[in-house]
Amino acid sequence: MNCPKCSSKFEQISFGEIEVERCLGCQGLWFDMLEKEDLVKIAGSETIDIGDDQVGDEYDSLQDIRCPHCTVKMLPMVDKDQVHIKYESCPICYGTFFDAGEFRDLKEHTILERFTQMLGTLRTNF
């Protein structure tokens with residue numbers, strides 16, 4: 001399987017019992033369906049994202065990419081709690097691709113992001 005951004009090969013890496021693919025070129029991460037959701041809940045899982053944020057930012061601008069499994073065009077997505085995090089998702093197999101540094105960023109919530117999240121929760125409860 002090749003990276004949808006830089007076309008380099010993926011290596012399989014594990015964290016706990018979850019295996020994901022990391023690009024040998026740009027260091028982006030491929031998550032099969034629900035792997036990202038499972039890893040977000042596990043302390044320390046951000047260590048799988050060893051890529052350079054600047055490299056990730058450069059590849060983030062590539063939007064017309066194809067799923068490495070299904071070859072269909074992937075959809076650009078934005079994290080609902082951290083809108084600065086943009087990633088791609090496959091509408092067929094539900095796999096997701098995060099550029100280098102994005103998964104690490106997803107796991108780090110700043111004080112402002114936590115406050116905004118609390119405000120959103122309060123608004124929906126009233």
Discussion item. The conditions are (1) under 15 Å from the mean Cα position of the chain (by Cα); (2) within 21 Å of Leu75 (Cα to Cα), and Thr47 fails exactly one of them. Which is it?
Written reply: (2)
Worksheet item: Going through the stretch 1-16 one residue at a time, which ones are buried (at least 18 other Cβ atoms within 10 Å of the Cβ) and either free of Cβ contacts under 8 Å to residues at least 40 places away in the same chain or in contact with a helix residue (DSSP H, G or I) (Cβ under 6 Å, 6 or more places away or on another chain) (or both)?
Response: Lys5
Discussion item. With the requirement that a residue be surrounded by fewer than 22 Cβ atoms within 10 Å (Cβ to Cβ) and in a strand (DSSP E or B), what does the stretch 68-95 give you?
Written reply: Lys73, Leu75, Pro76, Met77, Val78, Lys86, Ser89
Worksheet item: With (1) over 19 Å from Met1 (Cβ atoms); (2) among the acidic types (Asp, Glu); (3) out of contact with any helix residue (DSSP H, G or I) (no Cβ under 6 Å at 6 or more places or on another chain) as the list, and Glu19 as the residue in question, which single condition is left unmet?
Response: (1)
Item to complete: Test Lys36 against the criterion of being among the charged types (D, E, K, R), touching a helix residue (DSSP H, G or I) at 6+ places or on another chain (Cβ under 9 Å), in contact (Cβ under 8 Å) with a residue 60 or more places away in the chain and surrounded by 14 or more Cβ atoms within 10 Å (Cβ to Cβ), and give yes or no.
Response: yes
Item to complete: Would you point out the residue of the stretch 40-52, among those that are in contact (Cβ under 8 Å) with a residue 60 or more places away in the chain and within 18 Å of Gly95 (Cβ to Cβ), that is surrounded by the most Cβ atoms within 10 Å (Cβ to Cβ)?
Response: Ser45
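So which residues in the stretch 84-115 are hydroxyl-bearing (Ser, Thr, Tyr) and modelled with pLDDT of 95 or more, if there are any at all?
Listed by number, the residues that qualify are Tyr87, Ser89, Tyr94, Thr96.
The values are calculated or read from the model by the stated rules, or taken from the named source; none is laboratory data. In this text the structure is predicted, and so the values were computed from the model without any measurement. Positions of Cβ are backbone-derived with ideal geometry, glycine not excepted, and every protein chain shown enters the neighbour counts.
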